[in-house]
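Where a number appears in this text, it was derived from the coordinates with a stated rule and is not lab data. Predicted model only: the values in this text are computed from it and were never measured. Note that each Cβ is placed from the backbone with ideal geometry, even for glycine, and that neighbours are counted across all protein chains shown.
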Amino acid sequence: MNKLQYETSPYLKQHATNPVQWYPWREEALELARELDKPILLSIGYSTCHWCHVMARECFQDPEVASVMNSHFISVKVDREERPDLDKIYQSAHAILTRNSGGWPLTVFLNPRSQIPFFAGTYFPKRSRFGLPGFVNVMNRVAEAYRDNKENLEQFEEKLLQSMAQFHGSKTGKSIEDYDELSKRCRNTLVSIYDSEFGGFGSAPKFPHPTRLAWLLRHWQNSRQTNLHDRDALDAVVHTLTEMARGGIYDQLGGGFFRYSTDQRWAIPHFEKMLNDNGMLLSLYATAFQVTGDDLFEEVLRGTAHWLVSEMRSSNGGFYSALDADTEGEEGKYYVWRRNEIKRCLSDEEYLVLETLFGFDKPANFENRWHFRRTDSWRSVVRRLGMDFDHANDVRERAREKLQSVRSTRVRPSTDIKILASWNGLTMKGLARTAQVLGDRNLLSNAQRVADFLREGMFDGERLSAVWCDGESRISGYLDDYAHVLDGLLTMLSVAWRSVDVEMAIALADSIVQWFYDAQDGGFWFTPHDHEKLIQRLKPLQDESAASGNSVACLALSKIASLTGEPRYLEVVSKTIEWMRRSVSEQEVMYPTALRCVERMKNGNSHVIIRGPSDKLEEWKVSLLDEYRPNTDIWAIPYEDLGYVPSYLPPPVTQNVNEVVAYTCRDFVCSLPIRSLEELKSALS
């Protein structure tokens, strides 16, 4: 056993019995490296990563490889989900050193005196293959290079740090262009790189890019308000979401999305399921369903939410991080089928329906087996079979339940049981939006349970923890944790008002300003002001798999400003947008969420507050879902909630407490009371 045996991270625990003398990232390891003058071999990965498992089997479990590692290096293991700060820094270093995109496992060799890298790679086999050098040979050459050239590293490191600063830094000095022009350029770029045949952006591997799709939906809605009706933008979103929902990237039996597709057609995924991806896609599909009413989108919403609640929820109300891609050392084994297995489980009618829907009469699509993906729309399948639609639905559901029951007897992929604040914030938001558009109070209750767990288990009233695992919260939260939890709370408040959620949201907003805001230049640091000193302190702005913490914090603070009537938040937002300005202007398609911040500042902060008894408020809230209103926040505050109420609202008149009254507000100025739903809709239009 090595030093990882004392850690709570499931990923680090996976390596606790390796013959490698692993250390976690601690001062103990850094000091030992300096004392022995050994380079640090930094390995970053996560527990559900397929190629991390492969390198572990081939290298870290091998005594020969371990002997070289132990002789020449101080080896440090990092869970990238617990330490995204380290991952972001050393991924950018890898990109600069290799001029290639990074990934996991990330393998970096650091100068023990400075922790600055001088060699980097990702996956290495033990011996040379796949055009990759063998890890043993790499380590011997790196050790030799360090021994012979360590006195000459200083000049190299200075240039690398300069390049890394440019890699992540937001440029300043150029006035932001007219928002309409930026929006037009972003729209044109997204439509030009959109795959009109299979949906999505680019070829293989193909990722969902939910922030780009969400921006296109907003752009389409805004175009309707100016009578331009950009149908191409809406079609790109609907087509992409339809192809994903029919494809193998969506688990057709159990619900939920896999991380990405290995091909252009969304057919065969990389088989890990990540909480953050599913939380974001719930929000996106909820909006798409609100806009289109598409039955397929509703099916995806219900299936994904059911998978989350039934398989990923902890008893404390929080959600676990991920399901592994591998089972018994084989990627996708849990999910794929042989045709005779399927036939044995089903009646002739059930098999005919699924064969027609999933193409079992065609060649196998994954290593002589079938991974389920729809070959046509469900309605087309039913018409082709000449079946009654309701009966066909019953047959399909029976078949799905039978196959799901059989699949559940297989060895299940391992679950990473870490609870991450930022990913739970994304999931809280997704569940709340799904509950809102489906009218599902059970899903709303699950979203509120997330908030309750975060408040009671990971938040002390000022500071939020990043991770909860094995009964304890640890690691001070990063910007993304605060920003996504705050965003989730605000979304949930728009569905159902609870004063405890408002109070937590305000506390988180204050903490973002106190612990992350760069008062000199604007923007928010990724790490709090009292974080350990690393080789670089980042203010990341570009959207990655999720929206950037800077952009989400900017949007959330502008909403908090509107809700509370506190202009001090808008001062922070304004300076942050000034800091963002040149990055957004130069390459707006990489910053769709930041572009939303610019749009909100341009258009002003618009919101509606509705007050009334709970039963009557519900009718108004449901009626207002008839239209997608991305530019207006709507808060319905019941008279029964005696907690937080914005101070700028007039107190309810005693004789009118059974009536509903609404106020439309813009930039801290509110309308006279509106007492009819029709009048409110007219004001909003």
In the range 444-531, which GluC sites (Glu not before Pro) fall in coil by DSSP and have 15 or fewer other Cβ atoms within 10 Å?
Glu462
Over 26 Å between Cα atoms, which of Lys13/Lys88; Lys533/Lys559; Lys88/Lys418 qualify?
Lys533/Lys559
Measure out, as a whole number of angstrom, how far apart the alpha-carbon centroids of the range 452-513 and the range 316-392 sit.
39
With a 4.7 Å Cβ cut-off, tell me which Cys residues in the chain come up empty for a partner.
Cys59, Cys186, Cys345, Cys469
A 29 angstrom limit on the alpha carbon distance is what I want to check against. Which of Lys77/Lys159; Lys38/Lys539; Lys159/Lys539; Lys77/Lys333; Lys3/Lys126; Lys362/Lys429 exceed it?
Lys38/Lys539; Lys362/Lys429
Ranked by Cβ crowding within 10 angstrom, fewest neighbours first, how are Met590, Met280, Met69 ordered?
Met590, Met69, Met280
Using the 10 angstrom Cβ neighbour count as an exposure proxy, how do Lys77, Lys616 rank, fewest first?
Lys616, Lys77
Over 17 Å, how big is the tail of the calculated P(r) for the range 335-409, in percent of all Cα pairs?
41
Which whole-Hz couplings ³J(HN,Hα) result when phi for each residue of the range 193-206 is put into the Karplus expression 6.51 cos²θ - 1.76 cosθ + 1.60, θ = phi - 60°, listed in order with x for Gly and Pro?
9, 5, 7, 6, 8, 10, x, x, 10, x, 10, 10, x, 10
Listed by chain and number, the residues whose amide H is under 5 Å from that of Phe366, excluding neighbours fewer than 5 places away on the same chain and using placed H, are His371
Within the chain, helix-based [θ] at 222 nm, where runs of 4 or more DSSP H residues each add -39,500 (n - 2.57), nearest 500
-15500 deg cm²/dmol
Non-local amide H neighbours of Phe119 (under 5 Å, H modeled in plane, Pro and chain starts lacking H): which ones?
Phe109
Note, ³J(HN,Hα) from phi for the range 8-15, Karplus 6.51, -1.76, 1.60, rounded to Hz, x at Gly and Pro:
9, 4, x, 5, 5, 4, 4, 10
For the range 174-252, compute Rh as the Kirkwood radius over C-alpha pairs and then the Stokes-Einstein diffusion coefficient at 4 °C and 1.567 mPa s; write the answer in µm²/s, rounded to an integer.
97
Fewest first, what order do Asp390, Asp277 take by the number of other Cβ atoms within 10 Å?
Asp390, Asp277
Anchor Lys616: lysines whose Cα lies under 20 Å away (excluding residues fewer than 8 positions away in-chain)
Lys681
Amide H within-cut-off set for Tyr260, under 5 Å, with H built and near neighbours excluded
His270
Note, the range 227-235: 3J(HN,Hα) by Karplus (6.51, -1.76, 1.60, θ = phi - 60°), whole Hz, Gly/Pro = x, goes 6, 8, 6, 6, 5, 4, 5, 5, 4
Let me see the pair-distance distribution of the range 606-684: every alpha carbon pair, 10 Å bin width, integer percents in order.
17, 57, 25, 1
Normalised alpha carbon radius of gyration of the range 256-304 [divisor 2.2 N^0.38 Å]:
1.19
When all C-alpha to C-alpha distances in the range 481-544 are sorted into bins of 5 Å, what percent of pairs does each bin hold, rounded to whole numbers?
4, 16, 23, 20, 17, 11, 7, 2, 1
Pull out the extension gain between Arg231 and Thr409, defined as 0.36 nm times the separation in residues minus the alpha carbon to alpha carbon distance; nm, one decimal.
59.5 nm
